[in-house]
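Enquirer: One structure coming up, written as structure tokens, with questions to follow.
The values are calculated or read from the model by the stated rules, or taken from the named source; none is laboratory data. This is a predicted model, so every value here is computed, not measured. Neighbour counts are summed over all protein chains in view; Cβ atoms, including those assigned to glycine, are modelled from backbone coordinates with ideal geometry.
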Amino acid sequence: MIDYGIFQFACPPGAGEEWFVRAAQAAGRGPGFPHRAYGHFQRDRIDRLRVGLVCNPFDWLATMHARPPESDHAGRVGDLPRGLSLRGFAEEYLEQCPGELTRLALAYEADTVLRLEDCPGAFLSLVAPFADKVMLAPEFFHRRPQFMADNSIREDPPLAARFRRAERELFDRYDYW
């Protein structure tokens, strides 16, 4: 968890924490290190807005495959075998820990959750009320957060359908249909 003064930020690994931390730094919200975002919110601090971040579950799983988590906060996804194709990784995920991405996201119990796909606009809406002047470099306006380019899960209809069923709550709650 990163405390930015008026709000706290936390999210699971691979959900876009690096983009958020860079944007917060650029907006003058102070330093932060992406790995610190993985810690859960302090429940005794009710005077701060708790902000979470999610991204499309397909992209999130691809990120977890391409960039093995360096954190214990990756849940059972961090224990999956490496060296597999993305399709193979997705099959292992569905066999060993279906619904784990949803469990990871909901465990943070954030007051508000931004979708990475809605940034930078959602981020600016969050920080603008807390700053006299929010200055972001043009790169944050013109370059949206990047996702993994491997679409092999989406391109396999039976696998995509199984994945959607396993992560149904995440797809429903954050409108990823």
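Enquirer: Give the residue, chosen from Glu155, Glu139, Glu109, that is more than 17 Å from His65 (Cβ to Cβ) and at pLDDT 80 or above.
Expert: Values: Glu155 fails: more than 17 Å from His65 (Cβ to Cβ); Glu139 fails: at pLDDT 80 or above.
It is Glu109.
Enquirer: Based on this model, can you work out whether Thr102 counts as modelled with pLDDT of 90 or more, surrounded by 18 or more Cβ atoms within 10 Å (Cβ to Cβ), among the polar types (S, T, N, Q) and in contact with a Leu (Cβ under 7 Å, 6 or more places away or on another chain)?
Expert: Details: modelled with pLDDT of 90 or more: yes; surrounded by 18 or more Cβ atoms within 10 Å (Cβ to Cβ): yes; among the polar types (S, T, N, Q): yes; in contact with a Leu (Cβ under 7 Å, 6 or more places away or on another chain): yes.
Taking the combined requirement at face value, the residue satisfies it.
Enquirer: Moving to a separate point now. Could you check the range 50-99 and list, in sequence order, the residues that are within 16 Å of the chain's Cα centre (by Cα) and within 19 Å of Trp177 (Cβ to Cβ)?
Expert: Residues satisfying the conditions are Val54, Cys55, Asn56, Pro57, Phe58, Asp59, Trp60, Leu61, Ala62, Gly99.
Enquirer: Taking the stated definitions as given, is Ala27 surrounded by fewer than 24 Cβ atoms within 10 Å (Cβ to Cβ) and touching a residue at least 24 places away in the same chain (Cβ under 8 Å)?
Expert: Working: surrounded by fewer than 24 Cβ atoms within 10 Å (Cβ to Cβ): yes; touching a residue at least 24 places away in the same chain (Cβ under 8 Å): yes.
Answer is yes for this residue.
Enquirer: Of the residues Thr102, Thr112, which single one is among the polar types (S, T, N, Q), within 14 Å of the chain's Cα centre (by Cα) and under 23 Å from Arg162 (Cα atoms)?
Expert: Numbers: Thr112 fails: under 23 Å from Arg162 (Cα atoms).
None of the others qualify; the one that does is Thr102.
Enquirer: What single numbered condition from (1) of a type outside the set (D, E, K, R); (2) surrounded by fewer than 18 Cβ atoms within 10 Å (Cβ to Cβ); (3) part of a loop (DSSP other than H, G, I, E, B) fails to hold for His35?
Expert: Of the numbered conditions (1) of a type outside the set (D, E, K, R); (2) surrounded by fewer than 18 Cβ atoms within 10 Å (Cβ to Cβ); (3) part of a loop (DSSP other than H, G, I, E, B), the odd one out for His35 is (3).
Enquirer: Quick check on this structure: which one of Phe9, Phe58, Phe20, Phe89 is touching a Lys or Arg at 6+ places or on another chain (Cβ under 6 Å) and surrounded by 14 or more Cβ atoms within 10 Å (Cβ to Cβ)? Show your work before the answer.
Expert: Numbers: Phe9 fails: touching a Lys or Arg at 6+ places or on another chain (Cβ under 6 Å); Phe20 fails: touching a Lys or Arg at 6+ places or on another chain (Cβ under 6 Å); Phe89 fails: touching a Lys or Arg at 6+ places or on another chain (Cβ under 6 Å).
Selected residue: Phe58, the only one of Phe9, Phe58, Phe20, Phe89 that is touching a Lys or Arg at 6+ places or on another chain (Cβ under 6 Å) and surrounded by 14 or more Cβ atoms within 10 Å (Cβ to Cβ).
Enquirer: If we keep just the residues of the range 81-117 that are among the charged types (D, E, K, R) and not in a helix (DSSP H, G or I), which is farthest from Ser152 (Cα to Cα)?
Expert: Just the residues of the range 81-117 that are among the charged types (D, E, K, R), to begin with: 82, 87, 91-92, 95, 100, 103, 109, 111, 115, 117.
From what's left, not in a helix (DSSP H, G or I): 82, 109, 111, 115.
On the way: Arg82: 17, Glu109: 31, Asp111: 33, Arg115: 22 Å.
It comes out as Asp111.
Enquirer: Just for the range 62-80: of the residues that are touching a helix residue (DSSP H, G or I) at 6+ places or on another chain (Cβ under 6 Å) and outside any helix (DSSP H, G or I), which one is surrounded by the fewest Cβ atoms within 10 Å (Cβ to Cβ)?
Expert: The qualifying residue surrounded by the fewest Cβ atoms within 10 Å (Cβ to Cβ) is Ser71.
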